[in-house]
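Here's the structure, in structure tokens; my notes come after.
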Amino acid sequence: MSSSRFRQLLVLPCLLSACICQPLFAETVEARLPTGTFATAEFRAGKPDLPAVLLIHGFMQTRDFPTVSRLADGLANAGYTTLSPTLSLGISRRASSLPCEAVHRHTQEQDVAEITFWVNWLARRKPGSVVIVGHSYGSLQSLIYAVGKPAPTLRRVIAFSLVDTERQSDPRTVAAMLSDAKKRIARGETQLVSYPLGYCKQYVSTPQSFLSYARWNRPDILRLSRQSKVPLEVIMGGSDDRMGEDWPEKLRSAGNRVQVIAGANHFFDAEHEFDMLDLTVSLLKSSEKKN
Amino acid sequence: MPVFSRRLFGPVSLARLTFFFLAGVALLLVVTSSVFFANISRIEQNFAANNEKFARQELTEALALMENHMLAVTKALAAWDETRQQLEDPAYYAYWRNSRVLSSGVLPSTTDAIELYDVHGRTLSKETREGEAAMPAHIGKDNLRLALARENGHDHFILFFPIFSDTALQHRIGYGGIKIDFKAELQTLRRFLYLDMASVRLTSKEAQPLTLDQAVRHIAFMTQPSAEIAAFKSLIYRVMYQVAAIVLAGMLLAYFFIVLLVAKPLRRLSVHIDAMRAGRGGLLSESYRGPVPVAELENVRISLNDYQSKLDDMHVNLANKNEELWKLAHHDPLTGIFNRRAFEEDWSALTRPGLTSLNVAFLLFDCDHFKTINDTYGHHVGDQVLQGIAESLYGALRTGDRLYRMGGDEFATILYETDVALASRVAERCIEAVNAHNFAVYGMREPLRISIGIAHSHDVASAELLHKHADLAMYHAKRPGSPKMAIYTESLTPSSHAMVSSPETAAVYAAITNPDLLEMHYQKIVQLPAGEVDYFEALVRIRHADSLLHPASIFSVLEAKRLEIEFDQAVLERIRLDLAGGLIPAGTGISINISGMSIVTTQITDKLLALGEFLGRYKLVIEVTETSLITQISHASANLNRLRKAGFVIALDDFGSGYSSLRYLSTMPVDMIKFDISMVHCLNGEDRQRVIVENLAKLISAAGFKLVAEGIESRATLERVTALGFTHAQGFYLGRPERLKR
């Protein structure tokens, strides 16, 4: 039996007990954002000597998205303090993923601001180092935060399935959409537009909302990765081809530490969930040592 | 059944009966169907009542479901992130309300309108909508309940609800309102088995909101047609129609087949029976029975044919029997020729008017002295004689001539298209045939002779006289010396007087029954040469009224009526009375004339023998004619011998008027020979007849016979006969017949 498999077997009961015991430890916190919107997050206090982990979910998802929630559970069981917010996306106490057809007025910037808020909240709640673990677009948002003015307590950004919103669309099409949005913004148009964005075939939003997300492309990510003020760990699924097969290599080429978990998809589900957890824990521990 | 009923309900044809029967069945089917349909209708009504009850139940349940669903929907809507988003930032509320929320799946598809209101109850919408999508621009707390209302002809559920930003429902951020198509929503909630949703409608006033409790009372509806009942009813109707069609088709087929297989053959059978009744029927062939034979009708046909065959056989047998009976009835069983019945039938045809225009001869045949033959030889020989006569006559007649046996020994024939001459030739042929027939084979020793009387239609005024004339002629033919065949002529009329019913006939009949009416006149017969009265010949007279009937009249009646024997009996009785009364002088006697028929009769013989008591005092002489003796010599001889033995003297009367056969004289049992007057008168002549008579007298006298000469009318004659040796004489010269007095 491999060590990883042993750990899987060991972790499983822990996870199960964590699921059973979850209600005892999880705390749903509500905070009023500077925008006036009420945002919520699930907080679980862990060992004080371990860094707190802020988990950021994917595009328009919630903290209950399985990839993030299971990781939060795992980390909590591992003794880490975890904070899993649901980015409000302009909706107080958002509890469900926001459909593509919903009115999208939120922007990337607001999302990043909200990440800032939660990092600060976490720092106040649990002093000590903070590690942001992002998944999917949440990884990009976490990176953007890390490139901006991250909190001093931020130690690392672990980016799972670091992607943009292009989804390998035709560059000319993307350029056209971006150009259109810019024009609309320039004209001061407030009508909702509908463009494909990410997995949304029809992303109903203001042009600003669309542009805020759509303008981040791969080069931008690579650039950001080099600009991160904290170490960036990128973990990609070996089967995740959203960014192309060469994406991990490009990230490495950008000077990033990239790990590829063979066979894992974009969501690190099934048995790769344990790989995700293990790797996260491993990275967190390495962060501790460095501290 | 009363007469009027019989007339009103006469025989009805099978086809019509079948039609009426089938019509009755059809009517019964209609009535049964009507009753059945009525029952189904009643069941249907019961089902409808139950269905209404169940439908109301369904409606009530549906309204309850509706309420729960609406609450759930509003709850979900209130909890929906995008609802709070709009309440917090209604910048794009129009898009959200008009498009997003309706396509999100949060609202039921039956939603007609959705509206969000701020905390003050003011709509977030900046535009007004009309029609079904219209929602109030402002709501109050009174609106926060589920209501049912009718708007613009459509029924809606309307519910306004508060929206909170927190799960603890502490921070109300606004209100929501949804309008749902009442009927459409109900239909999505459940399946209605009884309620016809299409018929559901509020009966409340326009825009009058009703709570659910109120709405129940203001909802009008109809029930769905029960699929089961409808299917059942449809099935029943279909089955009934099919059954009716089948029954109707069956009845039509039955009518057709009954008519084809039963009625038509029966009709043909009936026609055939009618033909049979009219005598035109025959056997029924198999073609009558139609295309498919019916066993019962076939039995009838076979039975009818059997009956017809038996009937035909019976008719044939009957016809044969009739023919046989006719033959038996019309033929004489002894001789095989036609009998009297056949004669009378033919005679009836003959005696119709117009006979005198016919050329018809009527012949009557009679056997001479047949009674004597019967008595002498017996009935068996008598029958054989009759058969022989019939055979002889039949052979002598022409082909086609019918020979009738009239009775006894009398035969007749009717010769059509025959004149007198031809009839005579036929009669002669008949006589010859009879004479030629060998009757000796039957045991007869005497020749048999017949007498024939002929009458022709030309001589009669009517057919009835034809028979009488023939009868008269026949009797004339029977007279001694007759050629045995006589043709009726007017000259026979006097003697025919006796044939008809006459006072003389009546007198004869009377005398037969009453001998006192007989008067015996006695004529002397003197003994020669002394001239003394030896005896008297008894000659009969009948006192009739104031006159006397003499033998000529009497004998004609006797011959015509064949009363010889009866009359002789009466005469003998008279004579006996005269003898007993002493009328006859003592020492004399009497001679009694006995007819040829009587001499062979045992009764007469016995009657004569009875007179034997007078033999001691009187000489009794029995006179029989020569002809009667010869023709029946055996039987007569026997009787005469008995009389001679008793003491009677037998005299042969009228010798010379008949056969006058010397050969027979030697064998005849006679004592005396009475020469006929014709013979005595010959003695007065000078011709050979005198010589013959003289020598004959001598011869007979020499033979030992006593001779009596009749017709002595003069002395000379008396002397002459005396000289010839006659022993007795009789005549007017010696004395006329007269009554003797005591």
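FYI, it's all coordinate maths here, none of it is from the lab. Since this is a predicted model, take the numbers as computed values, not measurements. Methodologically, a virtual Cβ is constructed for each residue, glycine included, from the backbone with ideal geometry; neighbour enumeration extends over all protein chains shown.
Brief remarks follow.
- Inter-chain shielding of B:163-172 (mean C-beta neighbours from other protein chains, 10 Å cut-off): 2
- Once the Cα gyration tensor of the protein assembly as shown is diagonalised, semi-axes √(5λ) in Å: 185, 31, 24
- Estimated from helices alone, the mean residue ellipticity of chain A at 222 nm is -14000 deg cm²/dmol (sum of -39500 (n - 2.57) over DSSP H runs with n ≥ 4, per residue).
- Taking chain B and dividing mean pair separation by its residue count, relative contact order in percent (alpha carbons under 8 Å, at least six apart): 7
- Nearby lysines by direct alpha-carbon distance to B:Lys75 (threshold 27 angstrom, same-chain neighbours under 8 apart not counted): B:Lys126, B:Lys141, B:Lys179, B:Lys183
- Calculated mean residue ellipticity, 222 nm, chain B: -15500 deg cm²/dmol, from DSSP H runs (n ≥ 4) at -39500 (n - 2.57) each, averaged per residue and rounded to 500.
- Peptides B:526-536, A:46-56 ordered by packing proxy, namely the average of other Cβ atoms within 10 Å per residue, highest first: A:46-56, B:526-536.
- All-pairs alpha carbon distance profile, the range A:167-215, 5 Å steps from 0, percent: 5, 24, 36, 24, 9, 2
- Histogram of C-alpha separations across the range A:51-91, 10 Å bin width, %: 33, 51, 15, 1
- Antiparallel content of DSSP bridges confined to chain B, in %, to 5: 70
- Sorting B:Thr627, B:Thr372 from the fewest to the most surrounding beta carbons within 10 angstrom yields B:Thr627, B:Thr372.
- Of every Cα-Cα pair in chain B, the percent that sits beyond 39 Å: 66
- Rg followed by Dmax, in Å, when chain A is reduced to its Cα trace: 18.5, 64
- Note on B:Asp578, B:Asp671: ascending count of other Cβ atoms within 10 Å places them as B:Asp671, B:Asp578, the fewest first.
- Neighbour-count order for B:Glu58, B:Glu52, fewest beta carbons within 10 angstrom listed first: B:Glu52, B:Glu58
- Per the Kirkwood formula applied to alpha carbons, the range B:105-214 shows a radius of gyration over Rh ratio, Rg over Rh, of 1.00.
- Under Karplus coefficients 6.51, -1.76 and 1.60, residue-wise ³J(HN,Hα) of the range A:240-252 in Hz, glycine/proline x: 8, 10, 5, 9, x, 5, 8, 4, x, 5, 5, 5, 5
- For the Cα trace of the range B:537-641, dividing Rg by the Kirkwood Rh returns an Rg/Rh value of 0.97.
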